[in-house]
Amino acid sequence: MTCASCVRRVEKGLLETDGVQRASVNFATEQAVVEYDERVVDPSRISEIIDDLGYTTVDQPSSEEPVKTTILVGGMTCAACVRRVENALKEIPGVIDAAVNLAASKATLAHGRGGLDFAAVEKAVRDAGYEYLGLSGEAIDDPVEEARKREERELKLKVISGGVLTVLIFMGAMQHWFPFLSFAPRRFMLLAISILTFPVVFWVGSRFLTGAVKAARQKTSDMNTLVAVGALSAYLYSVAATAAPSLFAEAGVAPHVYFDGAAMIVTLVLLGRLLEVRAKGKTSQAIKNLFNLKPKTARVIKDRREIDTPVDAIVPGDEILVRPGERVATDGLIGEGASTVDESMLTGESLPVEKEAGMTVFAGTINQGGSFTFTATKVGAETALAQIIRLVEEAQGSKAPIQRLADKVASIFVPVVMAIAVATFVIWYFFVPAFGFSGALLNFVSVLIIACPCAMGLATPTAVMVGTGLGAERGILIRGGETLEKAHKLTTVVFDKTGTLTQGVPQVTDIVADFGIDRRRLLEMALSVESRSEHPLGEAIVRKGKMEGIAPLPVEEFQALSGAGARGRSDGSMALLGNKALLEREGVVLPDLAGVLETLQNDGKTVVFCALDGRLAGLFAIADAARESAPAVLSRLRKRGIETAMVTGDNVKTAAAVAKAVGIDRVMAEVLPKDKATEIRRLQAEGKVVAMVGD
């Protein structure tokens, strides 16, 4: 189906079928939900009706979700390879669909829960002319990555060699442009450059020749075919013109050689392949960074003993100990202990989350506070981190609509060019007899050389790979080719707040010391006590003190007050830091601060009170400051007519303060991470084309 008219046509055809009571066709998902009387009509008849209407049905039982398995495939070089592997895999019994990711050298197979015949998969890949490298695991030392590095080294050597030889060949072919070569007879020069061109065509360009043979065995053609035929035609014609120029004299013109053309075709196209391989490496680096979030080992408690165990060996029910600074090995529920955990890799929120018994922890998150034990509930591919990795891998395999068009064009382009070349030869040989065989052959070769390479067939996949690769290099994961192509239609860009519009680290923005104590003394006392604390707000005060060159003093009687603040004795005074409720509970008399607090809180700042020996000494305002570059970025978007919005879990006042600082048009505050997608869908329901930017 290609448009709304197709939807109406299918629905009308189904509703006119005897026994069909209701039919609803979804264009986006390409699915039809049909209610029918099984005594009158059956599913096979419904499929026939759809086929008669000019569309096709895919037999995919709706009773269960298909299982997805990813395999590694080596030897693919272009869009035609992708199409060949996909077609071969789709013919395997039990395979519902197959999607090949050229950038990652992976193929994802959707199949029934009955399993997959891996012997048939391996045979299908090998029969198609490619390498079956096994299942895609979670190991960093992926065999595909090793193969990519070897391929890059080989391509670099061949491109450099081809480049040097091509320059020499060009100088020899255009001898009259270079006076210092005038000493050599023309026939000697032609013989020399014919010898130099041989390794360029047959060694540097060997992948195009083998690719063309591979395609011919599959009774098809691809870009390798065009490059190989064009380069071989130019080379063999030039060799013939050099060896027997008299054969071409009847055309009425001196035979011209194309050694330089053959060499340049091979070298330039191979340079494009080298750029593609490098782009693949940059794109796959984003996946590796996600893998690196997961620790290699975990401290599992068995029979009251702590044993360092590989993460892959953990099973649900294992009890795991996590110490301060360590990453959580897998998803689970806390049993004993409490701590603060940095979950920014999942939520993007910079402030650590307080964790206690019964709460969930996730693989890859960082324990910042005390130690705790948890019971593993999800392991391996079931963890939240593994699901993120899988989704990113699948998304990278998606194709842009223009790339699908390029695939189709590439599949028919080569035979069309060959047909035009043959027609050119026939017309010039039979209908323009004055030119004879040599003139017809010259025009035949010209068509092949000029048509090669096909810019769209080469440029489209390269552009998508380089675009996603450069994005990944800068920390931007582009969901796929289709997303990249849709980007120019954007009307609204929604930003996450923490770590995206803001720096992601709490900072002291204001120090209020109007209560009879010197500002430096206030900061010194607060820094000394908070240097013993692990709370992120305390760390902000410590950073502020160190920035101003203040060193912490010795602290005695330190006590961390969970969820409220901290106290300790330093330089002869007892310091108490925390929220307003803590100071009131400890009997500290507070003056009227309504005006000051309102101003700070309206700016979205968190206020930490500091008391010395039972008297209020000062206030610290702490906030996640906006990035310096954010206002300029948002201004540029608005100039392009794009609406900007912010979605955050913070309270309305904090969100409004950040929005005002950076120039956001629309604010969605107090939105939980799981509800952010709902907010995006709400904007889309308003007819907006929305991009979400977050970490």
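Only the coordinates and a few stated rules stand behind these numbers; no lab work does. It should be emphasised that the depicted structure is a prediction, and the values quoted were computed from it without experimental measurement. Cβ coordinates were reconstructed from backbone atoms using ideal geometry, including for glycine residues, and neighbour counts include every protein chain displayed.
The figures follow:
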{"quantity": "Computed label-point distance, nm, for sites Phe178 and Glu30 using a 7 Å Cα→Cβ extension", "calculated": "5.3"}
{"quantity": "Amide H within-cut-off set for Asp97, under 5 Å, with H built and near neighbours excluded", "calculated": "Ala110"}
{"quantity": "Fully extended contour minus Cα-Cα distance, from Lys149 to Lys674, at 0.36 nm per residue", "calculated": "185.1 nm"}
{"quantity": "Cα centre as origin, Lys/Arg/Asp/Glu Cβ charges: segment 527-642 dipole, Debye", "calculated": "800"}
{"quantity": "Over 22 Å between alpha carbons, listed pairs Lys486/Lys639; Lys123/Lys214; Lys605/Lys674; Lys149/Lys219; Lys544/Lys674", "calculated": "Lys605/Lys674; Lys149/Lys219; Lys544/Lys674"}
{"quantity": "Calculated diffusion of segment 508-614, Stokes-Einstein form, Kirkwood radius summed over Cα pairs, 10 °C and 1.306 mPa s, µm²/s", "calculated": "113"}
{"quantity": "Residue-by-residue Karplus 3J(HN,Hα) for segment 527-544, coefficients 6.51, -1.76, 1.60, Hz, glycine and proline x", "calculated": "4, 4, 5, 5, 5, 8, 9, 10, 6, x, 5, x, 4, 5, 5, 4, 4, 4"}
{"quantity": "Amide N of segment 320-338 lying under 16 Å from the label point, which is placed 7 angstrom from the Cα of Lys296 along Cα→Cβ", "calculated": "327, 329"}
{"quantity": "Length released on extending from His256 to Glu598, taking residue separation times 0.36 nm less the Cα-Cα span", "calculated": "114.5 nm"}
{"quantity": "Estimated vicinal HN-Hα couplings, Hz - segment 572-578 in sequence order (Karplus 6.51, -1.76, 1.60; Gly, Pro = x)", "calculated": "x, 10, 8, 9, 10, 10, x"}
{"quantity": "Protection-proxy order for peptides 72-82, 510-520, each taking the mean of Cβ atoms within 10 Å per residue, highest first", "calculated": "72-82, 510-520"}
{"quantity": "Descending semi-axes in whole angstrom, ellipsoid equivalent of segment 554-695, from the Cα gyration tensor", "calculated": "41, 16, 14"}
{"quantity": "Highest to lowest packing among 167-180, 492-505, scored as the average C-beta count within 10 Å", "calculated": "492-505, 167-180"}
{"quantity": "R0 of 56 Å, Cβ-Cβ distance Ile160-Asp52: FRET efficiency to nearest 0.05", "calculated": "0.45"}
{"quantity": "Nearest-20 debye value, segment 65-121 charge dipole, Cβ charges on Lys, Arg, Asp, Glu", "calculated": "120"}
{"quantity": "Phi-based couplings in Hz for segment 667-682 (Karplus 6.51, -1.76, 1.60; Gly and Pro marked x)", "calculated": "10, 10, 9, 6, 9, 5, x, 5, 9, 5, 4, 4, 5, 5, 5, 5"}
{"quantity": "Net +/- balance of residues flanking Val667 in space, Cβ distance below 13 Å, scoring K and R +1, D and E -1", "calculated": "-2"}
{"quantity": "Amide proton proximity set for Thr340, modelled H, under 5 Å, gap of 5+", "calculated": "Lys355, Gln368, Gly369, Gly370"}
{"quantity": "Highest to lowest packing among 643-654, 590-601, scored as the average C-beta count within 10 Å", "calculated": "643-654, 590-601"}
